[in-house]
Every structure is written in structure tokens, then in C-alpha cells.
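Data first, discussion second: the structure below is written as C-alpha cells.
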Amino acid sequence: MTWTLDPQDLPDLARGAALLGTGGGGDPHIGRLMVEAAIREHGPVTVLDPDEVDDAAFVVPTAMMGAPTVMIEKIPRGDEAVLALRTLERHLGRSADATMPIECGGINSMIPLVVAATTGLPVVDADGMGRAFPELQMETFGVYGVPGSPMVVAGDHGETVTIDTGTDNRRMEWLARGAAIRMGGAALIAEYAMSGAEVKRTAVPRTLSLGLSLGRALREAREQLRDPISALTEALAPTGYSHLRVLFAGKVADVERRTVDGFARGRARFVSFDGSSTLRTVFQNENLVAEVDGVVACIVPDLICVLEAESGEPITTETLRYGQRVVVLGISTPEIMRTPEALAVFGPKCFGLDEEFRPVEDVLPVG
């Protein structure tokens, strides 16, 4: 069902987007403020259910790319994503009928809403990752046959770079990453232009609605003094993300983090409250693998989410700090993200991990 995004929904959406971002996707608070400003100036945002998008519609996803650590200090000017969209429209000789997220995590749930409010375009309630991933070829759009280019990278000085690598989405990522680094480590993009029919075939549906419902569940649990993990379990049960497992509870003991090659890379160590157990994570913008006492408990593409223990507020990889009291969750991804074709693009081996993918519900069965 098509719906209108209310400004009062944005805090819940930002919270849910941070959860789905699995530690990455950029700071959702910055994105929320950008959307609020755009709605105040230009008016509300219409969110289209993917089933209601015309097959012949021309949909152009918009997003930010770069290292989340950079985005904390290098806040977008605000009009770069619209510049990327308009530049791509001119290059293709066709105007967009809608925009859409490329991922449902962090700031990249918000950038298309800024574009939608500014331009008057609707935004499709779907995305190409079902979470956040660090590289542009890691999208269900590309997995199922939509080329990412031509694409446009736009910087905060009004510069644009148009990239066309045909069907080679990996080379598109490599070139775009270089441009984003030279634009200060983060930039805004328009890519994976496609038809409405291709949206229905390749996108993960209704992830904006999902982010909103998860953020609302966490807020209401806090207001009602309920367990936030139980609230999340209930909210996820009827969705494609139906399996939630508590991987660990404890404190952040150590974080190693560096910004390199346009990514925030690092690892973190957590110690249980009684000191008897250890969890280690590895991240590239997003959490990739969680090992409990040396045994893999959850691995990409399933979601590894770090939450503040008492409130359930999601914690991104760039805001992990020594001493934080946390709960670490593993959440299953939809089946469209677990096919052999999908795992060949964003499974463990694509990140240099030696482990095979095992669904979190198989690693940690109920009971």
C-alpha cells in the first residue's frame, strides 16, 4: 500500500535503519536531520509499495557511498544526491518516475527520502541489499541481472563523475570508490537505473516499512519498560527476517578501527559480564562475522547487530566504544539474499572470509 511519510516517523525509521544496517550504512541521525529539513522546505514524501509501481516506470536509486567514519565529520551539503540523479537523467535522456534506496541501513534509508522531498518524486518501498553492504556490486539488483552503470558520483563542490562499465558492476565499484575517495572519502550517487518490472523482480520489498516498524517496536518497548529483544522478535516474526538469535551479552573490551581505501575496516572484542566468554567481530563498514569463543555464530549475509543493552538502541561500527554494555543479535536475511547467485556476490568469500555461509537459525537453533 502506498503511504505518506510523516516527519514524526523519522526517529523510528532512523532507529530501524540503524538496526538493519548491521553496524554500517552511515549515521542515520545525520540522514534524519537532512530529511526533516527537506520536508520542511519542499513538502511530504510519498512511499510507493513495489507492487504498485508501473512495470514501465523508470526508477533511479540514490545513495551515499564512502567510509562511515568520514561521514561523522564530513556532513553532506544536502543537494548532492539530486545533482547525481539529474546528471544521470541527462546522460540517459530520460526523467526518473521514482527513486529508491540501494540499501535499507543507516543514512542510505534516508538519502532517497531527501531526493524525493526535494524533487517531488515518490520513493519505492524496497532496496537492493536487504541490509547494508560496503560495495556497490553487492546488490540484489546486480545479482539478478540489472547493470549498475551508467552511474553518477557527485561531490560537495558540485563536481560529478559519470561511470559506464557496461555489465561489470565490480569494476564500476572500483572506479566509483576512487572518485569518492578523491571527493573527500564520501560522495552521493545515482545508479542501477531500472524499470518498475525489474524492481519487482530484483529488489528486497518493503524494507522502509520494515525499518519503521522495527524502530517503533524498540521505542515502544522502552516506553512500556518491556524487553526490547522480545519486541524485535515479535516484529520480525511475520517478515522475511523471521529468525532472531541472541549471540552474546557483555561489554565492549577493545575496538580496532581504521579508514582505508574508502572503507571503515576493523574488529571488535566483547567480554561477557561474568568474564567467562568472548565474542569477536570483523567489520568492513558493516559487521561481517561474529565468533563466540572461537566458533562462528553468525556470518554475512545474515545480520549481526550490536544494541545498547538496556535501551536496545543500535550501535554502529564507527560509534563502538570501550565499556559499552551491549547485546549482539544475529538476524536471518530473506531467501532472495541466500541463493547461490546472491552468495557469489555478497557471501563470506567475497569479503576474504574462509568460513562457509550457514544460516543463523541452523547455527543456533531454538532451544
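Can you find a residue in region 148-164 that is over 26 Å from D79 (Cβ atoms), in contact with a strand residue (DSSP E or B) (Cβ under 9 Å, 6 or more places away or on another chain) and either surrounded by fewer than 21 Cβ atoms within 10 Å (Cβ to Cβ) or of a type outside the set (F, W, Y) (or both)? No - not one qualifying residue is present in region 148-164. Restricted to region 213-244, and to residues there that are in a loop (DSSP other than H, G, I, E, B) and either closer than 15 Å to A18 by Cα or of a type outside the set (S, T, N, Q) (or both), the residue that is farthest from the chain's Cα centre (by Cα) is L225.
For region 337-354, give me the residue count where each residue is part of a loop (DSSP other than H, G, I, E, B) and under 16 Å from E286 (Cβ atoms). Of the residues in region 337-354, 3 are part of a loop (DSSP other than H, G, I, E, B) and under 16 Å from E286 (Cβ atoms).
When R32 is tested against (1) modelled with pLDDT under 95; (2) open to solvent by less than 20 Å² (accessible area, probe 1.4 Å), only condition (2) is not met. Among the residues of region 294-308, those identified as in a loop (DSSP other than H, G, I, E, B) and surrounded by 17 or more Cβ atoms within 10 Å (Cβ to Cβ) are V300, P301, D302. Taken over region 316-332, the residue count meeting the criterion of being open to solvent by 10 Å² or more (accessible area, probe 1.4 Å), at pLDDT 95 or above and either β-branched (V, I, T) or within 25 Å of R358 (Cβ to Cβ) (or both) is 1. In this structure, does L136 turn out to be on the phi < 0 side of the Ramachandran plot and open to solvent by 10 Å² or more (accessible area, probe 1.4 Å)? Here the answer is no, as L136 does not meet what is asked. Each residue in region 131-168 was checked for being hydroxyl-bearing (S, T, Y) and closer than 30 Å to T239 by Cα, and 2 pass. When T99, T22, T62 are checked against the criterion of being under 21 Å from I315 (Cα atoms), of a type outside the set (A, V, I, L, M, F, W, C) and surrounded by 23 or more Cβ atoms within 10 Å (Cβ to Cβ), T22 stands alone in meeting it. From the list L188, L121, L113, the lone residue that is within 30 Å of D6 (Cβ to Cβ), buried (at least 24 other Cβ atoms within 10 Å of the Cβ) and without any contact (Cβ under 8 Å) to a residue 40 or more places away in the chain is L121. Scanning region 147-197 for residues that are assigned to a loop (DSSP other than H, G, I, E, B), at pLDDT 95 or above and either under 21 Å from the mean Cα position of the chain (by Cα) or of a type in the set (V, I, T) (or both) yields P147, G148, S149, G155, T165, T167, E191, Y192, A193. Annotation: E291 fulfils all but one of (1) within 30 Å of V47 (Cα to Cα); (2) part of a strand (DSSP E or B); (3) of a type in the set (D, E, K, R); the unmet one is (1).
The values are calculated or read from the model by the stated rules, or taken from the named source; none is laboratory data. Since the structure is predicted, the reported quantities are computational estimates derived from the model, not experimental observations. Ideal geometry is used to build each Cβ from the backbone, glycine not excepted, and the neighbour counts take in all protein chains shown. Please note that ligands, DNA and RNA were not included when accessible areas were found on the heavy atoms of the full protein model with its side chains. Shrake-Rupley method; radii C 1.70, N 1.55, O 1.52, S 1.80 Å.
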